[in-house]
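As structure tokens, the structure follows; a few thoughts come after it.
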Amino acid sequence: MRWQALAEKILSTTLPNTCPICGRAIGPFELLCSSCREKLNSLESSSKEERHRDFTLYYYAAYDHPLKELILAYKSGRWRLSSVITDLYAKLFQRFPPKCRYLTFIPATESSLYMRGFDHMKLIAKKLSERLDLALVYALKTVKDRRQAFSTSQERRALKNKFVSTSPLPERIVLIDDVYTTGSTVKDSVSALHASNAKEVLVYVLAKV
């Protein structure tokens, strides 16, 4: 313990660490400050379920502070935050149990992989499948590489067939993504899953705009 305390003191001086949400100084091995972690956990009460025509949507909270800052920091390269985000997904699954053992995710586009250096949802899916003992299925692949963040709302609505699934899937499957904005990405993914035998798709996202 004494050596660990010494290591933390040295690292705090040479490699200062800050909370990605509020900017406060935190220990070198910490991911968030205690205040922001408590705020994120308290958002569990705002989790909701929505019924859509082709899928059921579950989301942890609105895409607002502090959840928004957490997601942006994670997607900007702070991949260690995947453990914090996995904890929040686990809370959402506990609140709305899927009664399904198959899990898939919306994969990153080639441009996103190039910019970030990792597939942010693939990492979460791996951790979540291990945590909840779910079978991870690599069901989707991209067929177009257009970054939604840099397109107009009209272009997003016109975006079709962005994903495809070529393998037969189980009749019931869970799909995860980080943010539900217009719904175009999720809807296209759900259509691809339905085309590959999935009759019911349960969509779990961290935040909804």
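Within the range 16-54, being among the charged types (D, E, K, R) and more than 23 Å from G77 (Cβ to Cβ) holds for E38, E44, K48, E49, E50, R51, R53, D54. Consider the range 30-47 and keep the residues that are in contact with a Lys or Arg (Cβ under 8 Å, 6 or more places away or on another chain) and outside any helix (DSSP H, G or I). The one that is surrounded by the fewest Cβ atoms within 10 Å (Cβ to Cβ) is S47. Flag: G27 matches the condition of being surrounded by fewer than 18 Cβ atoms within 10 Å (Cβ to Cβ) and at pLDDT below 95.
Conditions (1) modelled with pLDDT of 95 or more; (2) not small (G, A, S), marked per residue:
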site: K39; (1), (2): yes, yes
site: E44; (1), (2): yes, yes
site: F55; (1), (2): yes, yes
site: A62; (1), (2): yes, no
site: F93; (1), (2): yes, yes
site: A108; (1), (2): no, no
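Of the residues making up the range 175-209, those that are without any contact (Cβ under 8 Å) to a residue 60 or more places away in the chain, touching a Leu at 6+ places or on another chain (Cβ under 8 Å) and among the hydrophobic types (A, V, I, L, M, F, W, C) are A192, A198.
Remark: pairs (first residue in the range 85-105, touching a residue at least 12 places away in the same chain (Cβ under 8 Å); second residue part of a loop (DSSP other than H, G, I, E, B) and aromatic (F, W, Y); Cβ separation under 8 Å; 6+ apart in sequence or on different chains) = T104/Y138.
Could we say that R116 is surrounded by fewer than 16 Cβ atoms within 10 Å (Cβ to Cβ) and touching a Gly at 6+ places or on another chain (Cβ under 7 Å) here? Taking the combined requirement at face value, the residue satisfies it. Going by what's in this entry, would R116 be described as at pLDDT 95 or above and charged (D, E, K, R)? When the stated conditions are applied, R116 does not pass them.
For the condition free of Cβ contacts under 8 Å to residues at least 40 places away in the same chain and on the phi > 0 side of the Ramachandran plot, what is the one hit in G77, G23?
Of the residues listed, the single one that is free of Cβ contacts under 8 Å to residues at least 40 places away in the same chain and on the phi > 0 side of the Ramachandran plot is G23.
Scanning the range 165-208 for residues that are in contact with a Lys or Arg (Cβ under 9 Å, 6 or more places away or on another chain) and in a loop (DSSP other than H, G, I, E, B) yields S165, T166, P170, E171, T181, T182, A198, K199.
The values are calculated or read from the model by the stated rules, or taken from the named source; none is laboratory data. The shown structure was predicted, so the numbers you read here are calculated from the model rather than taken from an experiment. For neighbour counting, all protein chains shown are included, and Cβ atoms are generated from backbone atoms with ideal geometry for every residue, glycine included.
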